[in-house]
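The values are calculated or read from the model by the stated rules, or taken from the named source; none is laboratory data. Quick caveat: nothing in here was measured; it's all calculated off a predicted structure. Cβ coordinates were reconstructed from backbone atoms using ideal geometry, including for glycine residues, and neighbour counts include every protein chain displayed. Areas reflect the complete protein model, heavy atoms only, side chains present, ligands, DNA and RNA absent. Shrake-Rupley method; radii C 1.70, N 1.55, O 1.52, S 1.80 Å.
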Amino acid sequence: MSFSGLESKVRDILSGFEVTRVSFEGPNLCVYVRRPDSGLLNAVGEVARALKKRVVLRVEPQGRLPEKKAAQVIREVVGDVEDLRFEEGGDVYVYAARPLREGEVRELAREIFARTGWRAVIEGGAPQGGVKIPTHSVREVRQIYHGAYEQRRALMEALARYVHQESVIREGPVTVTFLGGAMEVGRSAVLVSTPESSVLLDCGLKPGQYDEDFPLLYHADIDRLDAVVISHAHMDHVGCLPLLYKYGYRGPAYMTGPTKYQTYILLMDYIELKEREGLQPSFSRADVEAAIYHAITLDYEEVTDIAPDIKLTFYDAGHELGSAIVHLHIGNGLYNIIYTGDLKYGRTRLLNRAASKFRRAEMLIMESTYGGRDDVQPPRVEAENALAKHIAETVSRGGKVLIPAFSTGRGQEILYVLNKMMEQGIVPRVPVYVDGMIVETLSVYLIYPQYLSPEVAEEIYGGVNPFTTSGTVVVVDRAKRIEDRIDQVAKIAQSEEPAVIIAPHGMLNGGPVMDYFVQLAHDRRNKLIFVSYQAEGTLGRRVLNGERELAVRSLVSGETKVELRMEVVSIPGFSGHSDRRELMRYVGHVEPRPRKVVLVHGEPSKIVSLATSIELKYKVTTIVPKVGERVRAL
C-alpha cells in the first residue's frame, strides 16, 4: 500500500479525532493529533491491526503541557520516580523507582497521555531495601541514549525513507552466509541476503586464553548492510558489534531492552579489563556508545519492518534475560528463517522455556553446543543437589568454593539458587562473594521482571530482591587501583572462613575470576566448580581436560605459573543451552515444521552427530556449513 493509501486509511479509522499529520519514523507509523483524548489509544490499536504496522501516537506541541507541569502530573500519577527525560518529539521517558507490572505500565502511560499530552515510555525500577545493587551502568546507558537524541532522530529519519519504500525486486535468491560460529563455538555471525536487503544476525567474537578470533566481516559490505539483529548479550554473539560502528556502519541494531543494557555492561567491562592488563581493546568506548544509541529495542512477538522486504519478530529463547529467537519474514510470505541464537528448551529457575510455535518457517538455523550423542544433562534438581553437596563438603573442611560464571545468565542463576538454598538451610550459611559485572547485570534482571519466570517475577513485583534475601550475599565493589584490588582479593581469598565466590569469566578466560583462581588454586581444601560450557582453546577446557601445571594471567598477579591442587568438578545441569535431548525435541516441536535445518554453534563432532540424528528421525534436510560458506535458502 502506498503512503497516501496508508494516510487515508488512518484518517478514516480516526475520523472522530483531529489528526494533523501522519508520517513514518524508523519502523513506526506516527500519527499526530491536535490534543490528547483517552479514546484515541483504543482507536490507534485498531489502526495497528488494520495496517499491520507499529503505530506511535503523539500530540502536537501546542496540545502538550509544559515540561514542568507535565513532570508534576507524572510524579503524581506514577509515585516514586527516579528520573524523567522529556524529548522534543513528544516523548517522555519515565524511570520509576519501583517494579511495575506490564498492565500497570499500560494504564500509567494511558493516564499520562490523557492528562499531559506526552507519550510516556515507562521503565520500572528495582525493589528498594536489602543489599544495595550498583546501577551506574544502567544510568550510563540512559545518559548515552538521551544525549544522542539528534543522532537517533537522524537514524529514524533515514530508516523511514528506506524501510517503508516499495519493494523494487520481488523475486530472486535468498542466501545465508556464515561469517562465524559454523563448526565452532564463538564469533557467531550470520548474513542473510535478499536481492534487495542485507541483514546480519549477531556479531560475536571467539574467546581464547590469550587471543580472539573475529567473524569474516569482509564478506559483509558494511555500506550495504541494512540492519544488525542481536539475539542476546554474550560476547560470542555481541562482542564485535562495536567494530561495525568503528568501521563506518551507521544503521540500527535491533535487540530486546534487557539485551541493550547487558550489551553495554559486557562491552565496557571488556574494554576495562583489556586496558587493566595493558592490552589494546579492538574498539573504543565511543564505538560502544554508538552501538547503544543505534539500538532499537523490541519486545517479544512484536512484528517490525526492518527492510522493504523483511519483517523481524523476536521470541523468547530461554537462554538468558532478554535472549531472543529471531524470526525473519522475507517478502510477502516468500521465505521465513528462524535463527535460535542460543536456546534453552526447558524451564530454569529464572527463565521460561524457549518458544517453538511460529506463523511460518522454511529454514531453522539452530545452535548445537550440546549436540553430541553423550551430551545429556541431568535434571535441574540433581544439579542443584550436586551443588549443595559440593559446597557443604568444601565448607566442612574449611575451604572456599570458586564458581566461574558468565556476567549475564549463569551468574544470576547460580546466585539465585545459592541464595534460596542458604535461606532454606540446605547448605551452610557462609558469605557468598559476588564479583565483577554479575552484580551490575543483576540490576537489569530487577528492572525487567516481565522477562523472568512468573515465580521470580512475582517476588520482584512484591518488592523483594530474590537474589539476596538470605543475608549472606556480599557485593564486591571492584577496586579501581591495582594496589587496592590486590588487597581486596587477598582479604577474601586468604581469610580463614569458608566462603563461596562467584565471578566472571565463566571459562576462566580472564576477568575477576582469575584474581581469585591464582590465590586459591594451591590449596587442596578449596574447590573449583564449573557450571557452564567450556569452549575449546579456553583455560577452563584445559583444566577440565586435566591440566594442572598452568601459565595464567590475572590483573592482581600478572603472568604467573600455577600448580592447581584445588579440587575441580563440573556440574553441567545448570547450562543455559539445550542438551542433546532438548535439541532433538525442539526440532520435532517447531511449528510449522521447517523444510531445512542448519546447525551452527557447536564443535564439529557434535554438529555432525546431531545432524545425522535429525535427518534419520525427522527426514528433514540438515545442513552443516563451514565458516565462510554460503547456503542458498531460496
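Brief remarks on what is shown
Conditions tested, residue by residue: (1) among the polar types (S, T, N, Q); (2) farther than 25 Å from Leu312 by Cα; (3) touching a residue at least 24 places away in the same chain (Cβ under 8 Å).
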residue: Ser8; (1), (2), (3): yes, yes, no
residue: Arg11; (1), (2), (3): no, yes, no
residue: Val22; (1), (2), (3): no, no, no
residue: Arg34; (1), (2), (3): no, yes, yes
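- Candidate set: segment 171-219, residues that are of a type in the set (Ser, Thr, Tyr) and farther than 17 Å from Val229 by Cα; chosen: the one modelled with the highest pLDDT: Tyr218
- Residue check, Leu351 assigned to a loop (DSSP other than H, G, I, E, B) and surrounded by fewer than 19 Cβ atoms within 10 Å (Cβ to Cβ): no
- Verdict on Gln128 being farther than 25 Å from Asp477 by Cβ and either touching a residue at least 60 places away in the same chain (Cβ under 8 Å) or surrounded by fewer than 14 Cβ atoms within 10 Å (Cβ to Cβ) (or both): no
- Single residue of segment 181-205 satisfying the filter (assigned to a strand (DSSP E or B) and touching a Ser or Thr at 6+ places or on another chain (Cβ under 6 Å)) that is most open to solvent (accessible area, probe 1.4 Å): Ser193
- Failed condition for Val489, given (1) open to solvent by 10 Å² or more (accessible area, probe 1.4 Å); (2) out of contact with any strand residue (DSSP E or B) (no Cβ under 7 Å at 6 or more places or on another chain); (3) of a type outside the set (Asp, Glu): (1)
- Subset of segment 274-290 [in a helix (DSSP H, G or I), among the small types (Gly, Ala, Ser) and surrounded by fewer than 16 Cβ atoms within 10 Å (Cβ to Cβ)]: Ala286
- Matching residues, segment 532-555, being in contact with a Phe, Trp or Tyr (Cβ under 9 Å, 6 or more places away or on another chain) and open to solvent by 60 Å² or more (accessible area, probe 1.4 Å): Leu544
- For the residues Val552, Val531, Val562, the requirement of being more than 28 Å from the chain's Cα centre (by Cα) and closer than 23 Å to Ile414 by Cβ singles out Val552.
- In segment 486-511, residue modelled with the lowest pLDDT [restricted to those that are assigned to a loop (DSSP other than H, G, I, E, B) and more than 25 Å from Ala386 (Cα to Cα)]: Gly510
- Strands (runs of 3 or more DSSP E) completely within segment 567-634 that count 3 or more residues being open to solvent by less than 20 Å² (accessible area, probe 1.4 Å) and touching a residue at least 12 places away in the same chain (Cβ under 8 Å): 596-600
- Condition met for Arg11 (open to solvent by 30 Å² or more (accessible area, probe 1.4 Å), basic (Lys, Arg) and under 30 Å from Tyr445 (Cα atoms)): no
- Subset tally (residues that are over 21 Å from His146 (Cα atoms) and open to solvent by 60 Å² or more (accessible area, probe 1.4 Å)) for segment 99-125: 8
- Counted residues, segment 372-418 - those being in contact with a strand residue (DSSP E or B) (Cβ under 7 Å, 6 or more places away or on another chain) and part of a loop (DSSP other than H, G, I, E, B): 2
- Selection within segment 206-229: residues that are in a loop (DSSP other than H, G, I, E, B), of a type outside the set (Asp, Glu) and in contact (Cβ under 8 Å) with a residue 60 or more places away in the chain. The member of this set that is surrounded by the fewest Cβ atoms within 10 Å (Cβ to Cβ) is Tyr210.
- Test for Thr135: is it under 22 Å from Gln262 (Cβ atoms) and either surrounded by 19 or more Cβ atoms within 10 Å (Cβ to Cβ) or touching a residue at least 12 places away in the same chain (Cβ under 8 Å) (or both): yes
- Residues in segment 393-424 that are open to solvent by less than 10 Å² (accessible area, probe 1.4 Å) and acidic (Asp, Glu): Glu413 only.
- Identity of the residue in segment 571-591, among the small types (Gly, Ala, Ser) and out of contact with any helix residue (DSSP H, G or I) (no Cβ under 6 Å at 6 or more places or on another chain), that ends up nearest to Arg373 (Cα to Cα): Ser578
- So Leu241, is it crowded, with 22+ Cβ neighbours inside 10 Å, touching a helix residue (DSSP H, G or I) at 6+ places or on another chain (Cβ under 8 Å) and closer than 19 Å to Met363 by Cβ: no
- Checking each residue of segment 316-332 against the condition of being at pLDDT 95 or above, assigned to a loop (DSSP other than H, G, I, E, B) and in contact with a strand residue (DSSP E or B) (Cβ under 7 Å, 6 or more places away or on another chain) gives at least one match.
- The set of residues in segment 161-217 being of a type in the set (Gly, Ala, Ser) and within 26 Å of the chain's Cα centre (by Cα) consists of Gly180, Gly181, Ala182, Gly186, Ser188, Ala189, Ser193, Ser197, Ser198, Gly204, Gly208.
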